[in-house]
1. If a residue counts only when it is within 16 Å of ligand 2 (Cβ to nearest atom) and in contact (Cβ under 8 Å) with a residue 24 or more places away in the chain, which strands (runs of 3 or more DSSP E) contained entirely in region 170-230 have at least 1 such residues?
2. For SER173, work out the one condition from (1) touching a Leu at 6+ places or on another chain (Cβ under 7 Å); (2) at pLDDT 90 or above it doesn't fulfil.
3. Six or more apart or on different chains, Cβ atoms under 9 Å: show the pairs whose first residue is in region 256-275 and closer than 26 Å to SER178 by Cβ and in contact (Cβ under 8 Å) with a residue 60 or more places away in the chain and whose second is within 13 Å of ligand 2 (Cβ to nearest atom) and in a loop (DSSP other than H, G, I, E, B).
4. Is it the case that some residue within region 52-69 is over 22 Å from the mean Cα position of the chain (by Cα) and small (Gly, Ala, Ser)?
5. For region 276-300, give me each residue that is assigned to a loop (DSSP other than H, G, I, E, B), touching a residue at least 40 places away in the same chain (Cβ under 8 Å) and of a type in the set (Lys, Arg).
6. Which of the helices (runs of 4 or more DSSP H) found entirely inside region 1-74 contain at least 1 residues meeting this: of a type in the set (Val, Ile, Thr)?
7. Taking the residues in region 250-296 that are more than 8 Å from ligand 1 (Cβ to nearest atom) and among the basic types (Lys, Arg) as candidates, determine which candidate is most open to solvent (accessible area, probe 1.4 Å).
Amino acid sequence: VAAAIVALGSHNKWEVRRAVAGAAACCRHPLFEPALSRLASDQNARVQQAARDASFRRRDWRTAGLLGRQHEARIALLLDDIHSRFGSPGRAAVKRASEEIADTFARELYHEVIKLLTPLLRGCEDLQADIAREAPTHELANHATRIERDASQLKAVLDAMRAYTAVPTLQVSLESLSEAVQQAGRSALAGRELLGATIENQVGPDLMIEMARPRLIQALTNLLCNALEAYDGMPEPKHPIVVEANAGDGYIVLTIRDRGCGMSPAALAEAPTFFVSRKTTGTGFGLPLAMKIVESEHRGMIDIESEEGVGTVVRVRLPRFQRTPNA
Ligand SMILES: Nc1ncnc2c1ncn2[C@@H]1O[C@H](COP(=O)(O)OP(=O)(O)OP(=O)(O)O)[C@@H](O)[C@H]1O
Ligand SMILES: [Mg+2]
């Protein structure tokens, strides 16, 4: 059905094209994404406006989805109500203000908790050293190890939360995508060599796009870390993770394909939610941060397909030029 509606996006009546944009504001199918970027530069201003409204709405679904499904519907309703009363500039302003408040709150919380946690972690290390000297009971040593492990995990979650809420200055420049992938691959592999998987960068060396380089590399590193970690505990031989890019009209699609553990439909649905992790030392912020960088900072889109026991394909769609970074 989505394909049939999308096909009407090049209809010669503007009312039909506007209706296609309207449908994209109600249906989440990824097929609407390329159609929407075409409609955003339609010759008719009303079609353009409808396409922009639909894109904002789709991006809000993503952001609200990061908080978990029960919050998603509530936030979508609230934003739709504001949209109907104050139009899309009102919606965008409310969103910016609420994100700023949430991020400020998270940053302050980080400072308060880390003040307590840092001496606690140091105390744990001293305690472990003392216990080791005193020929401890097995149980006592276990308790100390568990306290240290949980406190370290709490610190990792807080650090990830701080990275997510940071407000970086975005400096956009024209850069080689292949080189960014190479750099991200090196960072992701560091410390994960034992997982035994390799990364094959097949992105053409001439492909240049505008990007906030360190941020995009961070996003790609997070995605590649997930791909590498998906091979954890899998038997040899391990198929390489393949990264390739296809260029479209004004955008590129970068594909990261792994043949790791994959995800069930339920695991895939909850993967982008904050704090959701299936790993013992995961924070559940890697994917949300990658989405924030691609979708909010680069006006792109991340789409994931996965099959349990088969592998995962992550598609990162990026405009080639960032006329309005941070928009
Ligand atoms: N390529 C992938 N293959 C299989 N599972 C994946 C893949 N990418 C993400 N996931 C699943 O999504 C979950 C959330 O990923 P996310 O990157 O947000 O957190 P994490 O990897 O668990 O922790 P962190 O990124 O802090 O190390 C992962 O725990 C994993 O279950
Ligand atoms: Mg991760």
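The values are calculated or read from the model by the stated rules, or taken from the named source; none is laboratory data. Here the structure is a predicted model, which is why all the values come from computation and not from measurement. Heads up, the Cβs are rebuilt from the backbone with ideal geometry, glycines too, and the neighbour counts pull from every protein chain shown. Heavy atoms of the whole protein, side chains included, go into the accessibility calculation; ligands, DNA and RNA do not. Shrake-Rupley method; radii C 1.70, N 1.55, O 1.52, S 1.80 Å.
1. 199-201
2. (1)
3. Cβ pairs passing all conditions: ASP258/ALA230; GLY260/ALA230; GLY260/ASP232.
4. no
5. Answer for region 276-300, where residues must be assigned to a loop (DSSP other than H, G, I, E, B), touching a residue at least 40 places away in the same chain (Cβ under 8 Å) and of a type in the set (Lys, Arg): just LYS279.
6. Because the criterion is at least 1 residues that are of a type in the set (Val, Ile, Thr), the helices (runs of 4 or more DSSP H) in region 1-74 that meet it are 2-7, 14-24, 45-65.
7. Restricting to residues being more than 8 Å from ligand 1 (Cβ to nearest atom) and among the basic types (Lys, Arg), the top hit is ARG259.
Rundown of residues vs (1) within 30 Å of LEU207 (Cβ to Cβ); (2) under 16 Å from the mean Cα position of the chain (by Cα); (3) within 14 Å of ligand 2 (Cβ to nearest atom), yes/no style:
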| position | (1), (2), (3) |
| --- | --- |
| TYR251 | yes, no, no |
| ASP258 | yes, no, yes |
| SER264 | no, no, no |
| ALA269 | no, yes, no |
| PHE274 | no, yes, yes |
| SER277 | no, yes, yes |
| THR281 | no, no, yes |
| GLY284 | no, yes, yes |
| GLU295 | yes, yes, no |
